[in-house]
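Supplied in structure tokens, the structure appears directly below.
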Amino acid sequence: MALRMTSAASELIELLSLERLEDNLFRGQSRDIGTKYVFGGQVLGQALSAAQATMDGSAGDERGAHSLHAYFLRAGNIEAPIVYHVDRTRDGGSFSVRRVTAIQHGQVIFFCAASFQRDEGGGEHQLSMPEVPAPEDIAPTPAPDAETMARLPTKVQRWLSRQGPFEFRHVYPRDELNPPKRPPYQHVWFRLGERVGDAPELHRALLAYASDFHLLGTATFPHGISYYHPNVQMASLDHALWFHRPFRADEWLLYSIDSPSAQDGRGLARGMVFDRSGKLVASTAQEGLIRVVQAAKADAPVRAKG
């Protein structure tokens, strides 16, 4: 089967390839994917790219990222670049830590800590991958028909009509425009739409970008609401990502997501990412704002959520 969306995939790789301004200072651009503000996955991927760029062998060995913990503080402006400052917090015997601050218009909009580890052995175990249909057996989600699209707000039209770099196939599709109430879990196959190079750093940054799709949205399932509703405001507050085993973002990965709790206008979601062989390659967690407001007061959400 021919892969799709090659130009979008190339644009994403370019987006994650930051301009180096100084040893620990980088600049990234933004891509409009149909949202009013910068997509959070973009900031995650760029921040990880900046941190990885400072792992230049100063510790005396090669170290790969194994975890990232981030907080979103302000909405990002799509029209302006983002500057990433990396603090080389520690280079120890086995681990290194980098703290990344994202700055726009003189204000901090995001910060994270990323930890790196040299390769070493140890005991291994993992949870089993859920039994789900293969991605080839799942039809892509069709776009809304022209009549339905014409009735939607402009921002929703742009989001639904975008040609993204990743292909997603939902094991249990949900009508996001008219969502039913259902239990808070979902399984989504995804892959980058173009074969890319082998560098593990690139694939980690690509997964960081993709991990922000569909995660927080799972917390809306029991309530019969979605990001597309004009009176629903959603924004990520934090994001955690752990890398367990090698993987390729341009091969099918299964995102298995659940939401154990929603309360006080916030929802919590957790995810596990498996490769096709059943290996658990990464885990995620995120808490975000989920606010239902009066229609007259409804405003665009801070960041797009899948």
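If you take the residues in the range 227-249 that are within 19 Å of residue 68 (Cβ to Cβ) and aromatic (Phe, Trp, Tyr), which one is surrounded by the fewest Cβ atoms within 10 Å (Cβ to Cβ)?
242
Next question. Go through the range 78-126 residue by residue and tally those that are aliphatic (A, V, I, L, M) and free of Cβ contacts under 8 Å to residues at least 40 places away in the same chain. Please lay out each step first, then the result.
Start the filter on the range 78-126 by keeping residues that are aliphatic (A, V, I, L, M), which leaves 78, 80, 82-83, 86, 97, 100, 102-103, 108-109, 113-114.
Filter again for free of Cβ contacts under 8 Å to residues at least 40 places away in the same chain, leaving 97, 103, 108.
The total comes to 3.
Sticking with this structure for a sec: Would a scan of the range 234-245 turn up a residue that is over 30 Å from residue 121 (Cβ atoms), in contact with a Pro (Cβ under 8 Å, 6 or more places away or on another chain), of a type outside the set (Phe, Trp, Tyr) and not in a loop (DSSP other than H, G, I, E, B)? Before the answer, list the steps.
Residues of the range 234-245 over 30 Å from residue 121 (Cβ atoms): 234-238.
Next, from what is left, pick out any that are in contact with a Pro (Cβ under 8 Å, 6 or more places away or on another chain): 234-235.
Next, from what is left, pick out any that are of a type outside the set (Phe, Trp, Tyr): 234-235.
Narrowing further to those that are not in a loop (DSSP other than H, G, I, E, B): 234-235.
There is at least one residue in the range 234-245 that is over 30 Å from residue 121 (Cβ atoms), in contact with a Pro (Cβ under 8 Å, 6 or more places away or on another chain), of a type outside the set (Phe, Trp, Tyr) and not in a loop (DSSP other than H, G, I, E, B).
Give me the pairs, please: first residue somewhere in the range 128-155 and closer than 13 Å to residue 173 by Cα, second residue anywhere and in a loop (DSSP other than H, G, I, E, B) and modelled with pLDDT under 75, beta-carbon distance under 8 Å, and either six or more positions apart or on two chains.
As it stands, the answer is 143/161, since those pairs meet every condition given.
Of all residues in the range 188-214, which are more than 16 Å from residue 239 (Cβ to Cβ) and either hydroxyl-bearing (Ser, Thr, Tyr) or buried (at least 18 other Cβ atoms within 10 Å of the Cβ) (or both)? Write out each step before concluding.
Narrowing the range 188-214 to residues more than 16 Å from residue 239 (Cβ to Cβ): 188-203.
188, 189, 190, 191, 192, 193, 202, 203, listed by residue number.
Here's the yes/no breakdown for (1) in contact with a Pro (Cβ under 8 Å, 6 or more places away or on another chain); (2) among the small types (Gly, Ala, Ser); (3) crowded, with 22+ Cβ neighbours inside 10 Å:
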{"residue": "9", "(1), (2), (3)": "yes, yes, yes"}
{"residue": "21", "(1), (2), (3)": "no, no, no"}
{"residue": "27", "(1), (2), (3)": "yes, no, no"}
{"residue": "38", "(1), (2), (3)": "no, no, yes"}
{"residue": "63", "(1), (2), (3)": "no, no, no"}
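Only one of these is under 29 Å from residue 195 (Cα atoms), charged (D, E, K, R) and touching a helix residue (DSSP H, G or I) at 6+ places or on another chain (Cβ under 8 Å): 270, 248. Name it. Outline the logic, then answer.
Values: 270 fails: touching a helix residue (DSSP H, G or I) at 6+ places or on another chain (Cβ under 8 Å).
Just a single option satisfies the conditions, and that option is 248.
Need at least 2 residues that are touching a helix residue (DSSP H, G or I) at 6+ places or on another chain (Cβ under 6 Å) per element, so show me which helices (runs of 4 or more DSSP H) inside the range 115-232 make the cut, counting only ones lying wholly within it.
Values: elements: 146-150, 154-160, 200-210.
Counting at least 2 such residues, we get 200-210.
Considering only the range 257-270, state which residues are surrounded by fewer than 21 Cβ atoms within 10 Å (Cβ to Cβ) and under 21 Å from residue 167 (Cα atoms).
258, 270
Between 198, 238, which is out of contact with any strand residue (DSSP E or B) (no Cβ under 8 Å at 6 or more places or on another chain) and either more than 18 Å from residue 44 (Cα to Cα) or in contact (Cβ under 8 Å) with a residue 24 or more places away in the chain (or both)? Don't jump to the end; show me each part of the working.
On the way: 238 fails: out of contact with any strand residue (DSSP E or B) (no Cβ under 8 Å at 6 or more places or on another chain).
The unique qualifying residue is 198.
Which ones in the range 278-295 are part of a loop (DSSP other than H, G, I, E, B), exposed (fewer than 14 other Cβ atoms within 10 Å of the Cβ) and not β-branched (Val, Ile, Thr)? Write out each step before concluding.
So the first thing to find is which residues in the range 278-295 are part of a loop (DSSP other than H, G, I, E, B), and the list is 278-279, 293-294.
Cutting the leftovers down to exposed (fewer than 14 other Cβ atoms within 10 Å of the Cβ) gives us 278, 293-294.
Correct list: 278, 294.
Name the one entry in 224, 217 that is small (Gly, Ala, Ser) and buried (at least 24 other Cβ atoms within 10 Å of the Cβ). Steps first, please.
Working: 224 fails: buried (at least 24 other Cβ atoms within 10 Å of the Cβ).
Every option except 217 fails the conditions.
Consider residue 74 carefully, then state whether it is within 27 Å of residue 216 (Cα to Cα) and surrounded by fewer than 19 Cβ atoms within 10 Å (Cβ to Cβ). Even if it seems obvious, please write down each step before you answer.
On the way: within 27 Å of residue 216 (Cα to Cα): yes; surrounded by fewer than 19 Cβ atoms within 10 Å (Cβ to Cβ): yes.
Here the answer is yes, as residue 74 does meet what is asked.
Hey, can you tell me all the residues within the range 106-145 that are surrounded by 10 or more Cβ atoms within 10 Å (Cβ to Cβ) and under 29 Å from residue 77 (Cβ atoms)?
108, 109, 110, 111, 112, 113, 114, 143, 144
The values are calculated or read from the model by the stated rules, or taken from the named source; none is laboratory data. These numbers come from a predicted model, not from an experiment. Glycine also receives a Cβ, built like all others from the backbone with ideal geometry; neighbour counts cover every protein chain displayed.
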